[in-house]
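The values are calculated or read from the model by the stated rules, or taken from the named source; none is laboratory data. All figures in this text were calculated on a predicted structure; none of them were measured in a lab. All Cβ positions, glycine included, derive from the backbone under ideal geometry; neighbour counts span all protein chains shown. Note: areas computed on protein heavy atoms with side chains; ligands, DNA, RNA excluded. Shrake-Rupley method; radii C 1.70, N 1.55, O 1.52, S 1.80 Å.
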2 protein chains.
Amino acid sequence: MTTEKFDAVSVATKANVYFDGKCVSHGITLADGTKKSVGVILPATLTFNTGAPEVMECVAGSCEYKLAGTSEWKKSAAGGKFSVPGNSSFEIRVTEAYHYICHFG
Amino acid sequence: MTTEKFDAVSVATKANVYFDGKCVSHGITLADGTKKSVGVILPATLTFNTGAPEVMECVAGSCEYKLAGTSEWKKSAAGGKFSVPGNSSFEIRVTEAYHYICHFG
């Protein structure tokens, strides 16, 4: 099961554009104040740094990812999630658009 | 004044990706059922076709646009809007990311 939509949220109209547009997201705030983002990563290999811990939930497409300090690429597809520690980083390889929800904390 | 956010909306988690990612948007549905999208167009010159009439509202960045049947490029920047008839098209030239709200109907 993928999360197809969020209801009763506030959405920022201005997108976050990273890596020349290879990653585009919009921030959302849930009714209880929880912040998340919904976005897409286009075909590319990118490295993201985390501040807060993150859970990346795939809603469509797929990716391969490798967490800092590990040597194994793992796959994540629609319905799958992976966790990234805070103050860390991960590499992500995308060959078909990877649509995601980023959960923080 | 730009519209920085929409409150109490439903947001689709999967993005709409057009023109190999030169345009990325997320669909939102307001409490009254009205559908809009929030998106960004990256540097490019693109042609969009409309089904329903659209109003394009710029929330950040800028663009130049030319409606079908006209020969004049006009500029739209943050806070500005332009209307596109239904079943028509417009060209858009973007040199800095153009962040927009698309209002339908």
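Pairing each residue of region A:80-99 that is within 15 Å of A:Val40 (Cα to Cα) with any residue that is of a type in the set (Asp, Glu), provided the two are 6+ apart or on different chains, yields C-beta distances under 6 Å for A:Lys81/A:Glu57; A:Arg93/A:Glu64. The set of residues from region B:7-58 being facing chain A (nearest Cβ under 7 Å), out of contact with any Lys or Arg (no Cβ under 7 Å at 6 or more places or on another chain) and without any contact (Cβ under 8 Å) to a residue 60 or more places away in the chain comprises B:Asp7, B:Ala8, B:Val9, B:Lys14, B:Ala15, B:Val17, B:Gly21, B:Val24, B:His26. B:Thr95 meets each of the listed conditions (1) open to solvent by 50 Å² or more (accessible area, probe 1.4 Å); (2) touching a strand residue (DSSP E or B) at 6+ places or on another chain (Cβ under 7 Å) apart from (2).
Count of region B:73-87 residues, restricted to those that are in a loop (DSSP other than H, G, I, E, B) and either basic (Lys, Arg) or open to solvent by less than 30 Å² (accessible area, probe 1.4 Å) (or both), is 2.
Count of region B:39-72 residues, restricted to those that are crowded, with 20+ Cβ neighbours inside 10 Å, touching a strand residue (DSSP E or B) at 6+ places or on another chain (Cβ under 6 Å) and not hydroxyl-bearing (Ser, Thr, Tyr), is 10. Checking each residue in region A:2-38 for being of a type in the set (Val, Ile, Thr) and crowded, with 17+ Cβ neighbours inside 10 Å picks out A:Val9, A:Val11, A:Thr13, A:Val17, A:Val24, A:Ile28, A:Val38.
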